[in-house]
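Read through the structure below, which is laid out as C-alpha cells, and then see the notes.
The values are calculated or read from the model by the stated rules, or taken from the named source; none is laboratory data. Remember, it's a predicted structure, so these values are computed and weren't measured experimentally. Backbone-built Cβ (ideal geometry, glycine too); neighbour counts: all protein chains shown. Surface areas here come from the heavy atoms of the whole protein model, side chains and all, with no ligands, DNA or RNA. Shrake-Rupley method; radii C 1.70, N 1.55, O 1.52, S 1.80 Å.
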Amino acid sequence: MRRVVVSARRAARHSCRLCSSSASEAWDGPSFRLHKRRGQHLLTNPRVLDAIVRRAAIRPGDAVLEVGPGTGNLTVRLLASPAASVAAVEIDPRMAAAVAARARDLGLAHKLTVTTGDAMKVDFPEFDACVSNIPYAISSPLTAKLLFGSYRFRTATLLVQREFARRLVGAPGHGEHNHLATNVRLVAHVSLLMDVSKNDFVPVPGVDSSLVEIRMKEVRPTEVEPGISLDEWLEFARVCFGQHQLQQQQEKKKKRKKKEKTLGTIFKQKEMAMELFRLSRIDEERIGNASSSGRDAPHDVNNADDRCDEEGDFSKEEYVVFKERIAGTLQSAKLNNERPSMLSNDDMLRLLRLFIKRGVRFH
C-alpha cells in the first residue's frame with residue numbers, strides 16, 4: 001500500500017479561515033506520516049468543517065467532547081465556538097501534541113484538554129455535546145459507549161462512514177436496520193444531517209461519510225419498563241440480531257447476500273437455546289433462594305452460576321421442555337416467521353415481556 005505523507009501545514013492550508021481572527025489557521029506544525037490503516041484521515045474542506053460546528057448548535061457554556069481530533073482542524077473551530085471547554089481524546093501521541101500546540105499558537109489553550117489514549121478504554125470527562133470525526137473502525141463500539149454508558153449529554157454530532165449512518169437511521173423494514181439502530185431508538189432520536197465526500201479528506205478514504213445527530217431523550221432508562229432492565233433489553237436485541245449480523249459479515253466476504261433468518265430459526269439453534277436455558281435456570285435459582293431466605297437450609301445465591309454450569313446438572317427432559325417454551329412463546333406472539341429487521345421496538349418489547357413471563361431470561 002502506498003504510504004502517504006501529509007504535513008500538518010498542508011492540512012491547515014486546506015482548512016478555512018475562521019470567523020474569529022484569534023482562531024485563524026496561521027499554524028505551522030510538524031510533519032508526520034498518516035496511516036490509513038489506523039483510520040487517520042484528516043477532514044480538510046473548510047466549508048464542511050464550518051458546517052459541522054454550525055450543525056452541532058453548541059450553546060454558551062457547553063463542555064464539548066471530541067474523539068480523534070487529528071491535527072485539530074475541527075478542534076480549533078470548536079474552541080472558537082461558544083463552548084466553555086473542549087476535551088479531546090487522541091490515541092496518537094504525535095497528533096495529541098500537535099493539536100495542543102496548535103491551540104497554544106491560537107491563544108486558545110485555556111479551553112482545551114487533550115487526553116492521549118484509546119477512546120474505547122479511557123473514561124471521558126463530563127460533557128454536554130460530543131462533536132467528532134470518528135475513526136470508522138470504532139464507530140459502532142464508540143456509539144454504544146456514548147449511549148449506553150454512564151454519560152449524560154444532550155447531543156452527539158458525529159461524522160461517520162455513510163453506510164454506518166444509514167444503519168443508524170434505518171427504520172424497521174429498511175434494509176439497513178439492525179440491532180444498534182433498534183437500541184439507539186430506545187434512548188435517542190437520530191437524524192441524518194448531510195453527506196460528505198471522501199474527496200474532502202487527506203488521505204482520501206475508500207468510502208464517503210455522513211454527518212448524523214444523535215439527540216438524547218430527556219429521560220435515559222435504567223429500566224425499559226418495570227421488571228425489564230436496560231441490560232436485559234440490550235442482550236435480547238443482540239440475540240435477535242446477532243446471528244443475522246454474523247451471517248451478513250460472512251456473506252459479505254463471499255460477495256453474495258443471503259436472506260435474514262427468522263426469529264424461529266434463530267432461537268432453534270442449539271447454542272442459543274442452551275445459553276438461554278442456563279441463564280433462565282440461574283434466575284429461577286435466585287428467585288427460589290430469595291423466597292427461602294431465613295429458612296432452615298438456605299442456598300448460596302452466589303454459587304448459582306457454578307451449579308448451572310456443571311455437567312449433568314439438568315435432565316434432557318428439562319431442556320426439551322424449555323425449548324418448547326421458547327417455541328410456544330414465539331407462536332403465541334405470532335412472530336415465529338418474522339425477521340428481526342422488520343420488527344418495531346414495540347414488537348420487540350412485547351416479545352421480551354412474553355419470554356420473561358414464561359421464564360426465559362436474557363441477562
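What the table below lists for this structure:
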read-out	value
Only listed residue being assigned by the TED database to the domain that holds Ser140 and open to solvent by 10 Å² or more (accessible area, probe 1.4 Å), chosen from Ala83, Ala56, Ala87, Ala103	Ala87
Counted residues, the range 211-257 - those being in contact with a Leu (Cβ under 6 Å, 6 or more places away or on another chain) and modelled with pLDDT of 85 or more	4
